[in-house]
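The values are calculated or read from the model by the stated rules, or taken from the named source; none is laboratory data. Here the structure is a predicted model, which means the values were calculated and not measured. Using ideal geometry, Cβ is built from the backbone for each residue, glycine included, and neighbour counts are taken over all protein chains shown. Ligands, DNA and RNA are excluded from the accessible area calculation, which covers all protein heavy atoms including side chains. Shrake-Rupley method; radii C 1.70, N 1.55, O 1.52, S 1.80 Å.
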Amino acid sequence: MIKIRWSNPDDNERVVEIWRAAVDATHDFLSPQDRHEIEEMVRDFLPKAPLWIAVNADDYPLAFMLIDNGHMEALFVDPPCRGTGIGAALVRHGLSLHPEMTTDVNEQNGQAIGFYEKMGFRSTGRSPLDGQGRPYPLIHLKYGE
């Protein structure tokens with residue numbers, strides 16, 4: 001049984017672990033230097049962010065999502081839990097709150113693009129750089145278009 005709840009300070013270490021494992025499993029296109037710099041930012045930012053957390057029956061975090069003003073900034077699932085519906089449950093929760101939710105996904109992350117398309121997101125554009133100006137193109141997506 002998966003439950004979705006707001007994050008709390010007890011989740012801080014675990015959400016960084018989830019982020020690290022998920023990125024290492026899906027973002028092999030990052031240079032080692034960029035991967036290190038991004039993790040430094042994430043370790044500072046994530047514990048302060050208002051996250052939706054998917055937890056198991058023991059309240060152990062398995063995945064998390066960050067939505068800011070209807071834009072999903074982050075969705076990360078612990079790799080052993082991928083394909084179990086946890087990510088989809090978080091997205092459906094986000095859509096219940098923001099029916100026209102948008103998100104961005106790295107162009108090199110084909111699995112994520114396929115996941116979002118399966119969930120009903122459609123491409124609305126492309127940027128040649130990521131949000132920090134790095135050379136990792138982004139595909140902009142919106143639900144239902």
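Pairs meeting the criteria (first residue in region 73-90 and farther than 14 Å from residue 112 by Cα and open to solvent by 20 Å² or more (accessible area, probe 1.4 Å), second residue among the hydrophobic types (A, V, I, L, M, F, W, C) and in a loop (DSSP other than H, G, I, E, B), beta carbons under 7 Å, at least 6 apart or on different chains) are 89/2. Small (Gly, Ala, Ser), over 16 Å from residue 19 (Cα atoms), open to solvent by 40 Å² or more (accessible area, probe 1.4 Å) and within 16 Å of the chain's Cα centre (by Cα), is that true of residue 70? It is false that residue 70 is small (Gly, Ala, Ser), over 16 Å from residue 19 (Cα atoms), open to solvent by 40 Å² or more (accessible area, probe 1.4 Å) and within 16 Å of the chain's Cα centre (by Cα). Summed over region 101-110, residues that are open to solvent by 30 Å² or more (accessible area, probe 1.4 Å), in contact (Cβ under 8 Å) with a residue 40 or more places away in the chain and touching a strand residue (DSSP E or B) at 6+ places or on another chain (Cβ under 6 Å) total 1.
Yes or no, residue by residue, for (1) open to solvent by less than 80 Å² (accessible area, probe 1.4 Å); (2) at pLDDT below 95; (3) of a type in the set (Phe, Trp, Tyr); (4) under 30 Å from residue 1 (Cβ atoms):
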| site | (1), (2), (3), (4) |
| --- | --- |
| 30 | yes, yes, no, no |
| 37 | yes, yes, no, no |
| 42 | yes, yes, no, yes |
| 48 | no, yes, no, yes |
| 53 | yes, no, no, yes |
| 63 | yes, no, no, yes |
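Restricting to region 111-130, name every residue that is open to solvent by 50 Å² or more (accessible area, probe 1.4 Å) and small (Gly, Ala, Ser). The answer is 123, and nothing else.
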